[in-house]
Amino acid sequence: MFNFIKFAKKRPKIKKDIKRDEQGNALFEIAIKDKSEVLAPFSLDNKDTINVEFANVLDNTAKSFSKKEKLHLNLRCNNLTDKEKESFLLAIKNFYFNSLLEDERKLKNNALLFWAMIALSFLSLTVLFITNFFSAPWIVVEVFDIIAWVFVWEAVDLLAFQRSLLRYDKQHDQALYKMKITFEN
């Protein structure tokens, strides 16, 4: 037991060296080799969004920072016009705004499912109580007992485990939506 504790204390911690800007924000830089690959080929309501591959690079990079960290993205690309810079900035904001809307929808759906599971739990526990009260056959009682506890466990799972993951995703997307974006030629 004590050897495990010693091992846990001695193992090397994995840390990332974080560059900081003047305001103390976590700075990460992405070089763009082909600026035509940043924007998605489609736009909705004349609002550009970023390409999925570029979004994956941003997500992967941002996951290495704490969710409480304020981020600063420095995009390096040759020959960017002011119009392209503005287009990239709005496309990134639009992509993460849409992600935030999806995160909100998932959280709302999670809450609705939680309350549905609570209602089904009470209903199935009531049926279990009634079957016990009227001395139903043991197989019927056992089936309702299993059903009741499945609904209880599902409610606990939705609230305790899945909701925390959904909130993490929302905080991650919010950090990327609020990040400072600068450009460098």
Exercise for the section: Pop the C-beta distance of N98 and A31 into the FRET formula with R0 = 25 Å and round what comes out to the nearest 0.05. Expected result: 0.50
Handout entry: Value at 222 nm in deg cm²/dmol, rounded to 500, when DSSP H runs of n ≥ 4 in the chain each add -39,500 (n - 2.57)
Key = -20000 deg cm²/dmol
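In debye, nearest 20, what is the charge dipole magnitude of the chain about its Cα centre with +1 on Lys and Arg Cβ and -1 on Asp and Glu Cβ, if you could check? Before the final figure, lay out each step's value.
Values: 28 positive and 24 negative charges, 228 e Å.
Dipole size: approximately 1100 debye.
Normalised by the number of residues in the chain, what is the relative contact order in percent for Cα pairs under 8 Å and 6+ residues apart?
Normalised by residue count, the contact order of the chain is 29 percent.
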Fill in the blank from the handout: Per the 1/(1 + (r/R0)^6) rule, R0 = 41 Å and r from the Cβ atoms of K180 and K108, FRET efficiency to 0.05 is 0.90
Handout entry: Residue-normalised accessible area of the stretch 57-132, given per residue in Å² at a 1.4 Å probe
Key = 60
Handout entry: Mean projected area (nm²) of the alpha-carbon convex hull when the stretch 64-185 is viewed from all directions
Key = 9.8
Fill in the blank from the handout: Per the rule of 0.36 nm per residue minus the C-alpha distance, extending N78 to L44 adds in nm 9.5 nm
Practice task
Would you be so kind as to identify all helices of the chain, as entire DSSP H runs, whose Cα atoms reach 24 Å or more along the helix's own axis and whose mean Kyte-Doolittle hydropathy is at least 0.5?
Solution key: 138-156
Practice task
Can you send over the carbon and sulfur percentage of the accessible area for the stretch 29-71, probe radius 1.4 Å, protein chains only?
Solution key: 49
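Determine the sum of side-chain charges near F114: Lys and Arg each +1, Asp and Glu each -1, restricted to other residues whose C-beta is under 11 angstrom from that of F114. Don't skip to the end; give the middle numbers.
Working: positive: K108, R163; negative: E154, D157.
Overall, the nearby charge balance is 0.
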Practice task
Determine ³J(HN,Hα), in whole Hz, for all residues of the stretch 20-35 in sequence, where each value follows from phi through the Karplus function 6.51 cos²θ - 1.76 cosθ + 1.60 and θ = phi - 60°; x replaces Gly and Pro.
Solution key: 10, 8, 5, 8, x, 6, 5, 9, 9, 10, 10, 8, 9, 7, 10, 5
Handout entry: Residues with amide H under 5 Å from that of L39, placed H, sequence gap 5 or more
Key = N51
Handout entry: Antiparallel DSSP beta bridges within the stretch 1-148, percent to nearest 5
Key = 40
Handout entry: Quarter of Cα convex hull surface for the stretch 128-185, i.e. mean projection, nm²
Key = 6.0
Exercise for the section: Return the whole-Å distance between the Cα centroid of the stretch 20-61 and the Cα centroid of the stretch 116-185. Expected result: 35
Exercise for the section: Mind grabbing the base-10 log of I(q)/I(0) for the stretch 62-103 at q = 0.14, 0.17, 0.21, 0.30 Å⁻¹? Debye formula, identical points on the C-alpha positions, no solvent, two decimal places. Expected result: -0.46, -0.65, -0.88, -1.08
Practice task
May I ask for log10 I(q)/I(0) of the stretch 1-116 at q = 0.17, 0.21 Å⁻¹, from a Debye sum over the Cα atoms as equal point scatterers with solvent left out?
Solution key: -0.97, -1.23
Exercise for the section: May I have the count of lysine pairs in the stretch 32-100 with C-alpha atoms under 28 Å apart, counting pairs 8 or more residues apart or located on different chains? Expected result: 29
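The values are calculated or read from the model by the stated rules, or taken from the named source; none is laboratory data. All figures in this text were calculated on a predicted structure; none of them were measured in a lab. Every residue, glycine among them, receives a Cβ derived from its backbone with ideal geometry; neighbour counts consider all protein chains shown. Each accessible area value is taken on the protein alone, full model and side chains, heavy atoms only, with ligands, DNA and RNA left out. Shrake-Rupley method; radii C 1.70, N 1.55, O 1.52, S 1.80 Å.
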